[in-house]
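Undergrad: Encoded as structure tokens, here's the structure I'll be asking about.
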Amino acid sequence: MARDSRRQSGRHGDREDSDFVEKLVAINRVAKVVKGGRRFGFSAIVVVGDGKGRVGAGLGKAREVPEAIRKGTEQAKRLMVRVPLREGRTLHHDTIGRFGAGHVVVRAAPAGTGIIAGGPMRAIFECLGVHDVVAKSIGTANPHNMIKATFEALKSVSSPRQVAARRGRKVGEILGRPEEEVVVEAVE
């Protein structure tokens, strides 16, 4: 991938590469003390998504910031997961994700709510293509744990079609839409 095909925009390090949206979540500078002084390195957490229900996160480490971002982006593209979306704008149901000390509560929201989430979770939802969601991080502000807990929550989201297939039923039965004959018999 040529560096020229990417464009840098925004103050949060948003980048678009063809059909992917990339968000830089955090950069950390680390120092290794050696005989001649300190050697500095950088780690970068990057979230990548297609805006249509696929998202991934990656961690890149290198001596220079651009190289760390590139490595993180490549890892995020390799680790992408698909999340079913309701009407292409929100999740199908509320869910909870846990990783280490990080707990996140992710709730589906009505149209017009927007993304109400902090820090790394906001980047994930923007890359995922979710427009209406409410999320809360409980227990930690560490971006690594928040991202992993959010992905645990997103992996547990299933669509009514998936639930119906798993249970061997019809989607209408899962959503609680009974047939009219059944309702008439129950009333009599």
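Undergrad: Please enumerate the residues belonging to segment 124-167 that are assigned to a loop (DSSP other than H, G, I, E, B), out of contact with any His (no Cβ under 7 Å at 6 or more places or on another chain) and within 12 Å of G53 (Cα to Cα).
TA: G129, V130, H131
Undergrad: Can you list the strands (runs of 3 or more DSSP E) lying wholly within segment 1-97 that have 3 or more residues being at pLDDT below 90 and not aliphatic (A, V, I, L, M)?
TA: 7-9, 14-17
Undergrad: Residue check, G112 against (1) of a type outside the set (A, V, I, L, M); (2) more than 18 Å from S159 (Cβ to Cβ); (3) surrounded by 15 or more Cβ atoms within 10 Å (Cβ to Cβ); (4) not assigned by TED's automatic domain parsing to the domain that holds N28, all met but one. Which one?
TA: (3)
The values are calculated or read from the model by the stated rules, or taken from the named source; none is laboratory data. Since this is a predicted model, take the numbers as computed values, not measurements. A quick note on method: Cβ atoms are made from the backbone with ideal geometry, for glycine too, and the neighbour counts reach across all protein chains shown.
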